[in-house]
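A short reminder: the numbers here are calculations on the coordinates, not readings from a lab. Given the structure is predicted, the values throughout are model-derived calculations rather than measurements. Cβ atoms come from the backbone with ideal geometry, glycine included; neighbour counts cover every protein chain shown.
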Amino acid sequence: MARFLWILILAGMPLNAQKALPQRGDLEAAFRAFDYQTVIRLSSEILSADSTLEHADSLAIVEMQTVAFFSMGDMQGALNSAFLLLNLDPQYQMNPARTSPKIIRFVEDIRGRLVPPPGQIPGPAFSPVAADSLLWAGEKSGFRRLGREVALNLILPGWGHLRRGQKGRALLFGGVFAGLAGSSIWAYGNTRDRENQYLNGTEVGEIARLYQRYDDAYRQRNLLMLGTLGVWLLSQADLIFRAPPLRPRPTLAILPVSAGVGLAVRIPLKAVPAGYGAKP
């Protein structure tokens, strides 16, 4: 009789729910074994195939998925999973006893950038993040990103332009600076050699000739060093004062949901410089 009842119970369960039972155990085992490839595969399968998950189970699965993506260095996947985790529960807190502080800071940073529109509070519904439910708070007028570009450009002219996406200017400033800097180094060594030759001269006629060679090398070295400094300064001025115009930059993110795949669109309210396209 008991066996008959179990058959009826199992027969009444949805096929997806029956399949999810062993998958959930395999998922937790893979997570404990740090097999993050399997964690990502199984969590995606469970979330897309099983519509009977309890809210707490959904949170646990998405949390494991977020940790797996982050641990493998797939920051876009980690970003999408963290979005979904906070869409399920905007107040969700990871357990610091079993989660890396880096991952907790990553999720908290995303939480701090999610701004609910006036009069609306995102609910814990298991659905993709819609464009009218959450907005991503962009960086203030691009100043933080510009600061990084200037810092890189101070190290090597053209590096800041390359990070901004201006490859032509990056090649121009970087190539000219590298050529002048290399020539300056050679000229410095050549000047030292000719100075030593002049100081070691013994005959009057030879000393005059060696001094002229030393003086020519000295002038050439100074001109090359001034040219190198000029290109360095021009590169900084071009990066700061010839920044591209500001414009909003919409982006897309694909999120896993219970019934398949959802597409989230975010349009920042803060404008960012055109040409910014660096990955998060």
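Arrange Met75, Met64 by Cβ neighbour counts within 10 Å, fewest through most, would you?
Going from sparsest to densest Cβ surroundings: Met75, Met64.
Determine Rg/Rh for segment 143-247; Rg is computed over alpha-carbon atoms and Rh is the Kirkwood hydrodynamic estimate from the same atoms.
Rg divided by Rh gives 1.25.
Where the centroid of each part is defined by its Cα atoms, how far is segment 34-110 from segment 216-234 in Å?
Using only Cα atoms, the two centres lie 55 Å from each other.
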